[in-house]
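Asker: Please find one structure pasted underneath; my questions will follow.
Taken together, the values in this text are just the output of simple stated rules run on the coordinates, not laboratory data. It should be emphasised that the depicted structure is a prediction, and the values quoted were computed from it without experimental measurement. In this analysis, Cβ positions are derived from the backbone assuming ideal geometry, glycine residues included, and neighbour counts consider all displayed protein chains.
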C-alpha cells in the first residue's frame, strides 16, 4: 500500500491517490488496532518473552508462538484486552461503508493497469499453517478485516463458555461478547436497506432481518449467518475463502 501511495504522486502511477484511498480505506487504522491487540495479548500470555533472545527475531521468525493460557493460575485474566478491542470496533464503520466502493473499483483497476493486476494476483495466494497455498479473490481479501471480527466473536463465545462464573474474567468476557455481537448486528441492520432480490415474476424479495449464530456440534462450532426474507429463511456458512 505504501508503494502504491508513493507511486500515485509520480508521472506513472499504478493507481491514482483517490483510487488508493478508496481501495484501502481505513486499512492502516484497522491494522494498528489488531496489532495493538495482538501485542498486548502476547505480552500478557508470555510475560517473560522479552528476556528471551529468540523473541527479538521479529514477526518474520518461522516458529509460531506457543501460547499457554493459565499456567495453573485460576485468576489469569485477558478479558480486559478483549473488552478494549471490541470498544474500538467503531473504526470498522467507515471500512464497511466503503467496502462496496472498493470491491467495485478493483476489477476496473486490474483491467486498466497490468502492474496492478500482477500485484493483485500475487496477493491472492497465501500459505496457511499447513504450508498449503490458498487462493483468494481480491474481494475476499478486502473482506478479511470484518471476517476477523466474526472469528473474534467466536473466540469470545468459547472463552466465556469455558470460564468459571466466579472467575474475575467472566463478567468482562460476557460484556465483550455482547458488544461484539451487537456490533455485528448493527452492521447487518445498516446494510439491510440495500439488500433485496428480484424474483422472476417481477416482485422483490425483501430482507427483513439477519444475524449471526453459533452452531455447536460434537466436532466443534461454526459461525452461521441467518437471513430472514419475506418468503424464506436462508442459512449461510463462512468459507475458507472468506
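Asker: Between residue 216 and residue 110, what is the label-to-label distance in nm when each label sits 7 Å out along the Cα-to-Cβ direction?
Answerer: It is 4.0 nm.
Asker: In what sequence do 138, 227 fall when counting other Cβ within 10 Å, fewest first?
Answerer: Working: 138 20, 227 17.
Least to most surrounded, the residues fall as 227, 138.
Asker: What FRET efficiency do you get for residue 139 and residue 166 if R0 is 35 Å and r is their Cβ-Cβ distance, rounded to the nearest 0.05? Each step should come with its number before you reach the end.
Answerer: Values: r = 45 Å, r/R0 = 1.30.
About 0.15, to the nearest 0.05.
Asker: While we're on this one: Hey, fewest Cβ within 10 Å first, where do 148, 237 land in order? Kindly include the intermediate steps, with their values, before the conclusion.
Answerer: Working: 148 15, 237 9.
The order, fewest Cβ neighbours first, is 237, 148.
Asker: If you rank 118, 137, 153 by fewest surrounding Cβ atoms within 10 Å, what's the result? Display every interim value, and only then the final one.
Answerer: Working: 118 12, 137 15, 153 21.
So the residues, fewest neighbours to most, are 118, 137, 153.
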